[in-house]
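**Q** Please read through the structure below; I'll follow up with questions.
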Amino acid sequence: MNTPIDSTIDDKAASRLLPAIRFSIITILVVGLSYPIVATVVGGLLFPRQANGSLIMRDGKAVGSSLVAQSFVGDRYFQSRPSAANYDPRALAGSNLASTNPALRERMLQSSKAIAARENIAVNTIPVDMITASGSGIDPHISPESARVQLARVAKARVLTAAQVQAAINANTEMPTFGVLGQARVNVLQLNLALDAITP
């Protein structure tokens, strides 16, 4: 049986609990429901391309995203950075291997030999981003140096002049954001599509 003191304590606890419950419900409705709906609608209206994955369309079909790297096969194409996620945007990941890991060193050694043979260059001239995966595993960019290393092979395979391929590289090179953030970078998918437009 509750004493008057117990009843007073229960009333005080209830008076403190009800505002907390009301605040939680309002927070859930505003932050968990209203804000995401408004952000999705406004984002879709102001930035329709970005809100839909920055897809690149050709002949009415999506051929990729300017934000996601792809694997390219053949001498006609510039190659993307290696991917620990196998270029799968649903499995974003780096290799998580330390620089001292023997498995990483072996993979980089094998990659270096393969790239040197493919591009007909010395191993010690290979830009580092051609043999290292990005943190996300789907970085769509390579450095301008990596593009220049591949220029001769692509030009020969497409029967284009080096100047034509270099012009395509220049046209698809993005400068540092706001002039200071990041480095100059080349979007590989857009570059390959630009070259396909010249030599289908």
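The values are calculated or read from the model by the stated rules, or taken from the named source; none is laboratory data. Note that the structure is a prediction, hence the values are computed from the model and not measured. Note: ideal-geometry Cβ built from the backbone for every residue, glycine included; neighbour counts use all protein chains shown. In case anyone asks, the SASA skips ligands and DNA or RNA and just uses the protein heavy atoms, side chains included. Shrake-Rupley method; radii C 1.70, N 1.55, O 1.52, S 1.80 Å.
**Q** Any residue at all in region 132-145 that's in a loop (DSSP other than H, G, I, E, B) and farther than 22 Å from residue 94 by Cα? I'd like the intermediate steps shown before the answer.
**A** Within region 132-145, the subset in a loop (DSSP other than H, G, I, E, B) is 132-140, 143.
So of that shortlist, the ones also farther than 22 Å from residue 94 by Cα come out as none.
No: region 132-145 contains no residue that is in a loop (DSSP other than H, G, I, E, B) and farther than 22 Å from residue 94 by Cα.
**Q** Can you pull out the residues in region 71-85 that are in contact (Cβ under 8 Å) with a residue 24 or more places away in the chain, surrounded by fewer than 18 Cβ atoms within 10 Å (Cβ to Cβ) and closer than 17 Å to residue 138 by Cβ?
**A** 72
**Q** Taking residue 103 as meeting all but one of (1) touching a helix residue (DSSP H, G or I) at 6+ places or on another chain (Cβ under 6 Å); (2) free of Cβ contacts under 8 Å to residues at least 40 places away in the same chain, write down the number of the exception.
**A** Among (1) touching a helix residue (DSSP H, G or I) at 6+ places or on another chain (Cβ under 6 Å); (2) free of Cβ contacts under 8 Å to residues at least 40 places away in the same chain, residue 103 violates only (1).
Rundown of residues vs (1) among the charged types (D, E, K, R); (2) out of contact with any Ser or Thr (no Cβ under 6 Å at 6 or more places or on another chain); (3) open to solvent by 50 Å² or more (accessible area, probe 1.4 Å); (4) at pLDDT 90 or above, yes/no style:
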| position | (1), (2), (3), (4) |
| --- | --- |
| 93 | no, yes, no, no |
| 98 | no, yes, yes, no |
| 101 | no, yes, no, no |
| 109 | no, yes, yes, yes |
| 125 | no, yes, yes, yes |
| 136 | no, yes, no, no |
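**Q** When you scan region 44-61, do you find a residue that is surrounded by 10 or more Cβ atoms within 10 Å (Cβ to Cβ), without any contact (Cβ under 8 Å) to a residue 24 or more places away in the chain and more than 24 Å from residue 136 (Cα to Cα), even just one?
**A** Restricting attention to region 44-61, the residues satisfying the condition of being surrounded by 10 or more Cβ atoms within 10 Å (Cβ to Cβ) are 44, 47, 49-58.
If we keep only those that are without any contact (Cβ under 8 Å) to a residue 24 or more places away in the chain too, we end up with 44, 47, 49-55, 57.
From the residues that got through so far, the ones that are more than 24 Å from residue 136 (Cα to Cα) too are 44.
Checking region 44-61: at least one residue is surrounded by 10 or more Cβ atoms within 10 Å (Cβ to Cβ), without any contact (Cβ under 8 Å) to a residue 24 or more places away in the chain and more than 24 Å from residue 136 (Cα to Cα).
**Q** Let me ask another. Every residue in region 46-101 that is within 12 Å of the chain's Cα centre (by Cα), in a loop (DSSP other than H, G, I, E, B) and among the polar types (S, T, N, Q), please.
**A** 54, 66, 70, 80, 83
Results for (1) more than 16 Å from residue 128 (Cα to Cα); (2) exposed (fewer than 13 other Cβ atoms within 10 Å of the Cβ); (3) more than 24 Å from the chain's Cα centre (by Cα), shown as yes or no for each residue.
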| site | (1), (2), (3) |
| --- | --- |
| 144 | no, no, no |
| 156 | yes, no, yes |
| 164 | yes, no, yes |
| 167 | yes, no, yes |
| 181 | yes, yes, no |
| 185 | no, no, no |
| 191 | yes, no, no |
